[in-house]
């Protein structure tokens, strides 16, 4: 399950540098799979869509920091717990019930992002 940032976010930015996948972006900033990963060329998103790793996508939020589910691995393979949640001063980094993933699928995503 990916992590999401709730509306309680105070935009402190503590979470962003903690993410090993560069899946956290400031509100209003476009994102790409290639940002902070080793992915080059085409990449298949969770919904099956194939995109270029450098393709820029519209921000998922304009007002607060946000986490890209296609890049979030809950820190599996890096840390024992999601680092965004561990540093968030207002506890707004929580599991995203829309993206239920097993540890195995999160590890597979990590391997695809960091070849």
Give, in nm to one decimal, the length gained when the segment between residue 58 and residue 12 is fully stretched (0.36 nm per residue of separation minus the Cα-Cα distance).
-> 14.4 nm
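Sorted by average packing, counted as other Cβ atoms within 10 angstrom per residue and highest first, what order do 43-50, 80-87 take?
80-87, 43-50
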Helix 103-113 axis, angle to the chain major axis (alpha carbon atoms, nearest 10°) = 70 degrees
Would you kindly calculate the mean projected area, averaged across all directions, of the convex hull enclosing the Cα atoms of the chain, in square nanometres?
-> 6.4 nm²
Given R₀ = 22 Å, FRET efficiency for residue 100-residue 47 by Cβ-Cβ distance, to 0.05?
-> 0.95
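The numbers here are math on the coordinates, done by the rules we state, and not lab data. Just so you know, these numbers come straight off a predicted model, no measurement behind them. Positions of Cβ are generated from backbone atoms using ideal geometry, with glycine treated the same way; all protein chains shown enter the neighbour counts.
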